[in-house]
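Have a look at the structure below, then the notes.
The values are calculated or read from the model by the stated rules, or taken from the named source; none is laboratory data. What you are looking at is a predicted structure, and each value in this text was computed from that prediction instead of being measured. Don't worry about glycine lacking a Cβ; one is built from the backbone with ideal geometry, like all the others, and counts go over all protein chains shown.
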Amino acid sequence: MTDFLLELRCEEIPARMQLKASEDLARLFTEELARAGLKPAAIDSFVTPRRLALVARGLPLETAAVSEEHKGPRTSAPPQALEGFLRKTGLTQDQLEDRDGVWFAVVNKPGRATMDVLADAVPAVIRAFPWPKAMRWGVASQTTESLRWVRPLQGIVAIFGEQLVDIAVEHVRSGYATLGHRFHHPGAITIGGADDYVEKLRACHVIVSHQERQAIIAAKAAQAAAAHGYTVIEDKGLVAENAGLTEWPVPLLGDFDPAFLEVPPEVIQLTLRINQKYFVLRDAAGKLAPAFICTANIEAKDGGAAIIAGNRKVLAARLSDARFFWEQDRKTALADHAQKLGRITFHEKLGTVADKVERVAKLARWLVEEGIVKGADADLTEQAARLAKADLVTEMVGEFPELQGVMGGYYARAEGLPDAVADAIRDHYKPVGQGDDVPTAPVTVAVSLADKLDTLVAFFAINEPPTGSKDPFALRRAALSVLRLVEVNKLRAPLKSIFHHSHWYGLVMSSLLDSARKNQGMGLRAEDRNFREEYENGKRVLYYADTVIDVSDWIRRSSYDDSINFENDPVGALLDFFADRLKVQQREAGVRHDLIDAVFALGGEDDLVRLLARVHALQSFVATDDGANLLAGYKRAANILKKEAVDPAIVPAAPSEPAEAALLAALDAAEPLAARAVTDERFADAMAALATLRAPIDAFFESVTVNDADPAKRGARLALLDRVRAAVHGVADFSKITG
């Protein structure tokens with residue numbers, strides 16, 4: 001068995017593409033070999049900024065002869081079908097086998113030299129390589145058929161054992177030579193084969209293993225920080241990125257003027273990390289340290305002093321810009337910043353960010369006044385909602401969009417606004433992802449919930465729900481965030497009531513109408529004295545002079561986008577959407593989706609806290625013997641009732657069997673207990689009441705014939721089973737439960 005080395009050398013590969021490219025090279029190469037019947041014992045992959053490489057271990061000198069069997073048409077098929085099959089296999093009819101009226105072809109392929117297979121495979125891999133972005137270069141780039149690569153391809157090393165595999169890809173021909181480090185060893189290196197590749201390059205200041213470079217960066221950065229009493233803020237993504245920028249990584253510690261620490265720490269961290277690719281440090285007290293670690297690509301003769309000085313100078317300019325933004329933004333009050341939100345379009349059909357802020361402020365206040373979010377001051381909540389998006393127009397957020405909300409919180413605190421307002425501005429986007437913290441401060445909860453609910457209703461109102469894998473407005477994430485806010489804070493939030501909150505919902509519809517008027521024109525202007533709008537019974541009514549404008553009729557007659565339909569209430573679709581998101585969330589938490597279906601199937605349950613309490617009690621119950629047996633009895637009763645419905649015209653007879661009477665007595669006792677428990681939201685007690693039906697139901701089915709010849713007896717027994725089903729449905733629809 002022999003090893004094969006392949007190196008593809010080019011100009012610098014972007015760091016973000018390297019690891020995926022290394023995986024793709026191994027995958028494509030393995031697939032090409034598999035087509036020829038070869039399977040390496042193992043593949044080692046390497047990547048640096050200037051090269052992709054792999055070593056395929058344990059390849060035979062030649063492929064084994066293989067016999068392939070192909071099934072063809074029936075012997076009675078038209079001649080054209082047989083001719084096509086013969087062309088495909090390259091055989092003649094007398095070489096086919098007739099097996100029970102079907103033609104079969106057995107094609108014997110002789111073995112090939114592995115060198116020949118490799119010579120064909122490598123160019124195929126290069127030409128099929130799936131770079132996210134690629135380029136053409138040189139004279140060959142005048143045609144679209146020329147080679148495309150991430151950066152100009154400069155060299156190919158392809159050695160099988162000790163033999164060179166002759167490969168030519170346009171202007172590049174394979175050889176034994178590669179290049180070492182761009183500065184430490186820019187000359188050619190002769191590679192003898194797979195066994196000496198890694199160490200020869202290491203001797204020339206190139207570490208070909210991305211993982212090894214990451215380990216070096218992490219370890220030496222920690223050592224450099226510790227030598228000055230600092231610790232590195234863990235950032236695995238930045239470690240990987242620096243490993244993708246260097247072939248010989250050398251972490252170096254530098255410092256910056258402590259005066260810059262007056263700028264919010266998040267700004268400094270982003271400046272260091274995003275702009276400069278530096279590691280951020282903390283001091284012994286856990287505060288941001290006035291120092292950084294950069295990763296050089298050389299071992300400098302002066303120990304890196306000049307490199308550190310250059311990086312310090314660049315960083316000082318960056319931090320000076322950040323400090324300027326911080327100082328300039330604070331000269332304007334947040335309320336004045338908020339006045340500029342009308343210049344930013346939220347969505348072409350939903351108006352501006354200022355329109356959204358108005359809606360969110362109304363809803364957030366209502367959530368507090370209705371007692372859905374308890375413990376919040378309504379005035380502070382509305383103030384926070386009106387200022388929550390103000391930092392979108394600041395210089396700092398323009399430079400660092402990642403800091404929206406965060407900077408608003410800092411500006412609010414610097415302005416002397418109440419802490420509850422500043423905290424709500426800072427955290428109202430949370431929770432952003434599954435692992436993000438969930439706000440619990442009442443004002444923050446109200447603003448965050450209102451912001452996300454407004455987004456969901458607005459986009460469903462314009463018929464822009466997520467489809468398949470597409471979710472351009474992150475509505476799935478918004479719904480999951482709502483669910484987490486409700487669950488963590490135990491909010492008694494009836495979704496239907498919230499969605500139909502008249503004034504806020506009217507504002508959503510108003511935004512649609514205003515956008516429709518703006519885009520299509522109704523011959524109306526807000527400043528027209530004859531035009532006015534009023535709210536009557538919570539609904540927006542438009543007047544022109546004394547004539548009521550029928551918005552729905554206008555929308556139907558206009559040529560405006562049909563996706564805006566004022567007649568279709570999006571609430572039903574939105575509730576279904578929440579049900580689906582709840583299943584996803586609870587499945588990850590270990591809750592069975594069929595149990596959620598069983599509760600949702602009852603209809604009218606839109607209080608998520610109550611719904612989840614019911615689901616959790618149901619899951620505990622069905623896991624017990626009583627629950628499993630009651631479920632079996634319920635399903636037997638339900639199946640009978642599918643075939644034999646209760647006939648209201650038949651007067652039921654009195655119970656004639658002991659088991660029948662026992663079940664009737666058990667129902668008389670259990671039904672009111674279960675109903676009261678459900679009303680009081682004691683769902684475990686409701687399940688316990690239903691559990692008392694288990695034995696009577698079992699005994700009933702063992703000794704009672706439901707479909708008695710006597711219609712009165714049959715009617716009584718069917719009515720009894722109907723009561724069983726109804727009693728169970730008071731808690732959940734057991735027909736939705738699997739198993």
Determine, yes or no, whether V47 is closer than 29 Å to P152 by Cα and under 46 Å from the mean Cα position of the chain (by Cα). yes
Residues that are out of contact with any strand residue (DSSP E or B) (no Cβ under 9 Å at 6 or more places or on another chain), closer than 17 Å to L718 by Cβ and in a helix (DSSP H, G or I): does the range 644-657 have at least one? no
Conditions: (1) touching a residue at least 24 places away in the same chain (Cβ under 8 Å); (2) within 30 Å of the chain's Cα centre (by Cα). A218 meets all but one. Number of the miss? (1)
Kindly evaluate E162 against the criterion of being farther than 20 Å from L25 by Cβ, touching a residue at least 12 places away in the same chain (Cβ under 8 Å) and acidic (D, E). yes
For A474, state whether it is touching a residue at least 12 places away in the same chain (Cβ under 8 Å) and of a type in the set (A, V, I, L, M, F, W, C). no
From the list A589, A601, A623, pick out the single residue that is of a type in the set (A, V, I, L, M), more than 16 Å from A686 (Cα to Cα) and free of Cβ contacts under 8 Å to residues at least 12 places away in the same chain. A589
What about F324, is it outside the structural domain of V406 (by TED's automatic domain parsing) and either touching a residue at least 24 places away in the same chain (Cβ under 8 Å) or not hydroxyl-bearing (S, T, Y) (or both)? yes
I'm told M1 meets every condition in (1) over 30 Å from N297 (Cβ atoms); (2) surrounded by 12 or more Cβ atoms within 10 Å (Cβ to Cβ); (3) in contact (Cβ under 8 Å) with a residue 40 or more places away in the chain; (4) not small (G, A, S) except one. Can you identify the failing condition by its number? (2)
Being outside any loop (DSSP other than H, G, I, E, B) and exposed (fewer than 15 other Cβ atoms within 10 Å of the Cβ) is the filter here; which residues of the range 216-230 pass it? A219, Q223, A226
Subset of the range 659-682, residues in contact (Cβ under 8 Å) with a residue 40 or more places away in the chain and over 12 Å from R714 (Cα atoms), comes to A659, L663, L664, L667, A670, E671, A674, A675, V678, E681
Confirm whether A726 is over 17 Å from A665 (Cβ atoms) and small (G, A, S). no
How many residues does the range 620-629 hold that are surrounded by fewer than 17 Cβ atoms within 10 Å (Cβ to Cβ) and part of a helix (DSSP H, G or I)? 4
Please tell me if Y197 is surrounded by fewer than 19 Cβ atoms within 10 Å (Cβ to Cβ) and either in contact with a strand residue (DSSP E or B) (Cβ under 7 Å, 6 or more places away or on another chain) or under 30 Å from V280 (Cβ atoms) (or both). no
Just to be sure, is V457 assigned by TED's automatic domain parsing to the domain that holds L367 and either in contact with an Asp or Glu (Cβ under 9 Å, 6 or more places away or on another chain) or assigned to a loop (DSSP other than H, G, I, E, B) (or both)? no
Could you check how many residues of the range 271-307 are surrounded by fewer than 20 Cβ atoms within 10 Å (Cβ to Cβ) and either β-branched (V, I, T) or part of a helix (DSSP H, G or I) (or both)? 7
Somewhere in the range 107-114, is a residue of a type in the set (G, A, S), touching a helix residue (DSSP H, G or I) at 6+ places or on another chain (Cβ under 7 Å) and touching a residue at least 24 places away in the same chain (Cβ under 8 Å)? no
Scan the range 152-182 residue by residue and report those that are farther than 19 Å from G138 by Cβ, in contact with a strand residue (DSSP E or B) (Cβ under 9 Å, 6 or more places away or on another chain) and buried (at least 20 other Cβ atoms within 10 Å of the Cβ). V157, A158, I159, F160, V165, T178, G180
Counting just the residues of the range 90-107 that are small (G, A, S) and exposed (fewer than 12 other Cβ atoms within 10 Å of the Cβ), which one comes out farthest from P73 (Cα to Cα)? G90
Give the residue, chosen from A732, A684, A666, A677, that is crowded, with 18+ Cβ neighbours inside 10 Å, under 40 Å from the mean Cα position of the chain (by Cα) and assigned to a helix (DSSP H, G or I). A677
Of all residues in the range 56-76 being acidic (D, E) and out of contact with any helix residue (DSSP H, G or I) (no Cβ under 6 Å at 6 or more places or on another chain), which is farthest from F160 (Cα to Cα)? E69
